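Down below is the structure, laid out as structure tokens.
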There are 2 protein chains.
Amino acid sequence: MLPDRIRRVVQRLSRLPGVGEKTALRYAMFLVTADEAIARELGEELMTLHEHVRRCEQCGALAEVRQAERLLCPVCLDPRRDDSLLCVVARVQDMMAIERSQAMPGRYLVLGKLLSPLDGVGPGELPIAELRSRVKAGVKEVILATPPSVDGEATALLLARELSDLGVRLTRLASGVPHGGELEFADQITLGRAIDGRRKLDP
Amino acid sequence: MLPDRIRRVVQRLSRLPGVGEKTALRYAMFLVTADEAIARELGEELMTLHEHVRRCEQCGALAEVRQAERLLCPVCLDPRRDDSLLCVVARVQDMMAIERSQAMPGRYLVLGKLLSPLDGVGPGELPIAELRSRVKAGVKEVILATPPSVDGEATALLLARELSDLGVRLTRLASGVPHGGELEFADQITLGRAIDGRRKLDP
């Protein structure tokens, strides 16, 4: 019943994360029945997306391709950032979440992956040499901001060992009950960490 | 923090139905970090979507543009369809849902809109002349398959009146408790309709 062309659009839309065939069909029907410019403009952007956006040469985040420049992301290009503080994250999305908090004045390194024996990701696939050379260039503190999961903890521990000879301060994000969270509904590991990491209150 | 290019992709993805900024960002991050072909292929399809898919000249559903042919959808092109049965639906999506049921052997007319005084859609915007001319071409029954909503019922009633002089059989989809639905959780209008439309059981 559907033209082949729509079938193909549906199939390609369903490659998006969390998009099944039903959602893809909903998007496709919208795109084909809505104003012609909506599909065309989105199509144009996507066709050339990878020509215009690449990994930042320095931190691995996203950078816009410009002529006659090193390929650097907005954070690496920002001269007001604190070069002595380096935040190591697993994914660009994590970096963006931290940026939204406006609590991290330093620079980043995006690992791109976490140590994961089950998925066959070993220490050799982490950018350890890159991390060491950035630390040696004047970093005083490395925040190992990998997620508080099994793989994230293992990666943080490995990186901490790899950096231990450089005399740099190593920290990890606090883990505990989230803002607005109910103690009643917090899982035991989170509560255990919240208790272990309790802070002195100075009234 | 995000390159302008990504911001633009996010903004354009968030035009999709039900996609907020967070989901759009998730899609954009996937597209920019996944294989280059995924964004490019989707982009190509979308850029030229409206050149290749148009409204079927006969029923208003979706048709693929081909040379040297009337622009007809797969259902209108199918010679095995029953020309004496016409199903009137509000949207292409509704037609597709009915097609999936495989219970409608006839042809379609897609209205494209419903009577909606609040949105300023009056009788003049419905394809009544088109519907009458299709009925006159040999249709014996018109299923007014607009949705069982206020606007859908009003539209069905208006179309029924407009067709009343043509001596065609007019029907409406049954309304009642859906398959697998619990009586306990059915709303009172649905239950009322299910009782009004009850069928004799012949054991």
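The values are calculated or read from the model by the stated rules, or taken from the named source; none is laboratory data. From a predicted model like this one, the values you see are computed outputs, not experimental measurements. Don't worry about glycine lacking a Cβ; one is built from the backbone with ideal geometry, like all the others, and counts go over all protein chains shown.
Observations on the model:
- Residue match in the stretch B:169-182 (condition: at pLDDT 90 or above and surrounded by fewer than 16 Cβ atoms within 10 Å (Cβ to Cβ)): yes
- One residue from B:SER116, B:SER101 being under 16 Å from the mean Cα position of the chain (by Cα) and small (Gly, Ala, Ser): B:SER101
- Verdict on A:VAL89 being in the same structural domain as A:GLY167 (by TED's automatic domain parsing) and not basic (Lys, Arg): yes
- Restricting the stretch B:32-44 to residues that are acidic (Asp, Glu) and at the interface with chain A (Cβ under 7 Å from one of its Cβ atoms) leaves a set whose member that is surrounded by the fewest Cβ atoms within 10 Å (Cβ to Cβ) is B:GLU36.
- In the stretch B:50-86, residue nearest to the other protein chains (Cβ to nearest Cβ) [restricted to those that are small (Gly, Ala, Ser) and more than 25 Å from B:LEU170 (Cα to Cα)]: B:ALA63
- Which listed residue, of B:GLY176, B:GLY180, is touching a helix residue (DSSP H, G or I) at 6+ places or on another chain (Cβ under 9 Å) and in a loop (DSSP other than H, G, I, E, B): B:GLY176
- Restricted to the stretch B:169-195, and to residues there that are in contact with a strand residue (DSSP E or B) (Cβ under 9 Å, 6 or more places away or on another chain) and not charged (D, E, K, R), the residue that is farthest from B:ILE98 (Cα to Cα) is B:LEU170.
- Screening the candidates A:MET29, A:MET47 for the property of being at the interface with chain B (Cβ under 7 Å from one of its Cβ atoms), closer than 18 Å to B:MET29 by Cα and not aromatic (Phe, Trp, Tyr) yields one hit, A:MET47.
- Residue tally, condition surrounded by fewer than 21 Cβ atoms within 10 Å (Cβ to Cβ) and more than 7 Å from chain A (Cβ to nearest Cβ), over the stretch B:3-12: 2
- Residue selection: B:ARG15 satisfies the criterion of being within 7 Å of another protein chain (Cβ to nearest Cβ) and not in a helix (DSSP H, G or I).
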